[in-house]
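Reviewing the structure listed below.
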Amino acid sequence: MIDAVIILAAGQGTRMRSKRPKVLHHLAGQPLLYHVIQAARALDPQRMVVVVGHGADQVQSTFAGQPQIEWAIQDRQLGTGHAVQCALPALEGVDGDVLILNGDVPLIQSSALQTFLDAHRTDRRLVSVLSTTIDPPTGYGRIVRNEAGEFLRIVEEKDADNSTRVLTEINSGTYAVQLNFLRHALSTLSNNNAQGEYYLTDIISSALNQHPSPHPTGCYLHPDFFSLSGVNNRRHLAALERAFRDRLVERLMDEGVTFIDPESCWLDADVNIGPDTVIHPNVILGPEVTIGANCTVGAFCHISRSRIGDECEILPFCHLDGATLEGGNPVGPYARLRPLAELAPNAKVGNFCEVKKARIGHGSKVNHLTYIGDATIGRGVNVGAGTITCNYDGANKHQTIIGDGAFIGSDVQMVAPVNVGAGAVIGAGTTVTKNVPDDALALSRPKQVHIPNWRKRSTK
């Protein structure tokens, strides 16, 4: 547990070249800020304050309704120290330690933060900094230590001399601070520096200068740069997306999922996959995807907002969005299941078929080149190739209902609203415009005629 968390999310992110606030750019299907909030929540903070500035309304609306978030506004971006000052009124009456995070560090892990907090408390620091290493360290504040390796200060790059700039240990921007000390230290900050900003890093020198304890500050080195890396531009975003993908895929493989070519697949943060499922190359999964056990997802499939039951086989080049497969379902290849497509157990949708807002009953088959929309299909129905439910009249959508055991021939058009009874048979090439009774045969195609010797006549 932590007494308080402050997340700094007020920056514009000019190097992203975007009208969207940087913390709202997506990584693994979620805003950057979402990942930081989730890591912080795992620490069970009593209070959580997010400081917003550029695009504040947009950021707040994105996270509207999420519990435990209080908002602070930084109207002018005057530095990280000023941003934390803006958060302090929301923590009035709170004592203990506060964890300060940046809102653009999406790979940060709660386990690393907990280890950092434990060290901060065990060593009884006023201020602790989480550091990491990178070479070259361009753009980052440098960690300066003495010959004995003791932490001395943080120097921002624009204020660093040549000997300091070559240091590769850098400030990650993550701090643990005693709140009572923080309130005092922030009141003494100056903007007398190269950028004219109030640096949060200056609280380090404040602790060293004003407190007689032998080790009021601490700096704890974390070995994984990517876990603490912020997003500065779209190249950084892509690199962190790859790192996040690798982490997620490795976890799923440890849980019993097979990836034929892990580096070619892309997953969102909320993807869940059961054991003994095989994911083939170039698959995109997420957001909001759950795949059961012992499934196969073929190459070049894209699945989003869908629930896949156990024992399903999705062949290559399928697109599923908002679909539900209840189990034992073969799909594809080249099938498209649109929102509210539901396949009951053992129902099949074959190649070049599209299903939208329709339920395919238990054991029914929609095999080839077919469109099923706004429909309910019963159990054990066979739908022939080239069948269409004509669900739209130019103004409204209408329902097609097909009873259990019906047989729909090839190249059939069912003009909704229409009911096809249980056990009914629709002959190939039929256009159905009226309800078909149970067990009836429906035909509407013209009678076939033959003209003798047509070939000889047409060549004269």
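The values are calculated or read from the model by the stated rules, or taken from the named source; none is laboratory data. Just so it is clear, the structure is predicted and the values come from calculations on it, not from any experiment. Positions of Cβ are generated from backbone atoms using ideal geometry, with glycine treated the same way; all protein chains shown enter the neighbour counts.
Observations, loosely collected:
- Segments classed as strands (runs of 3 or more DSSP E), wholly inside the stretch 356-419, with at least 2 members that are of a type in the set (Gly, Ala, Ser) and under 37 Å from the mean Cα position of the chain (by Cα): 371-377
- Tally, over the stretch 308-347, of residues that are of a type in the set (Lys, Arg) and either farther than 15 Å from Ala358 by Cα or touching a helix residue (DSSP H, G or I) at 6+ places or on another chain (Cβ under 6 Å) (or both): 0
- Of all residues in the stretch 328-350, those satisfying the criterion of being of a type outside the set (D, E, K, R), within 13 Å of Ile372 (Cα to Cα) and surrounded by fewer than 20 Cβ atoms within 10 Å (Cβ to Cβ) are Pro339, Leu340.
- Search result, residues across the stretch 161-183 that are more than 17 Å from Pro223 (Cα to Cα), surrounded by fewer than 22 Cβ atoms within 10 Å (Cβ to Cβ) and touching a strand residue (DSSP E or B) at 6+ places or on another chain (Cβ under 6 Å): Thr164, Leu179
- Within this structure, Leu130 fails the test of being at pLDDT 95 or above, under 17 Å from Ala39 (Cα atoms), touching a Phe, Trp or Tyr at 6+ places or on another chain (Cβ under 6 Å) and in a loop (DSSP other than H, G, I, E, B).
Yes/no per residue for (1) out of contact with any helix residue (DSSP H, G or I) (no Cβ under 7 Å at 6 or more places or on another chain); (2) in contact (Cβ under 8 Å) with a residue 24 or more places away in the chain; (3) within 27 Å of Ala83 (Cα to Cα); (4) assigned by TED's automatic domain parsing to the domain that holds Gln114:
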| residue | (1), (2), (3), (4) |
| --- | --- |
| Asn192 | yes, no, yes, yes |
| Tyr198 | no, yes, yes, yes |
| Asp276 | yes, no, no, no |
| Gly292 | yes, yes, no, no |
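- If you check Val412, Val425, Val432 for being within 21 Å of His362 (Cβ to Cβ) and aliphatic (A, V, I, L, M), only one passes: Val425.
- Of the numbered criteria (1) modelled with pLDDT of 95 or more; (2) farther than 25 Å from His120 by Cβ; (3) in contact with a strand residue (DSSP E or B) (Cβ under 8 Å, 6 or more places away or on another chain), the one Arg20 fails is (1).
- For the stretch 272-327, the candidate set comprises residues that are hydroxyl-bearing (Ser, Thr, Tyr) and in a strand (DSSP E or B); within that set, the residue that is surrounded by the most Cβ atoms within 10 Å (Cβ to Cβ) is Ser306.
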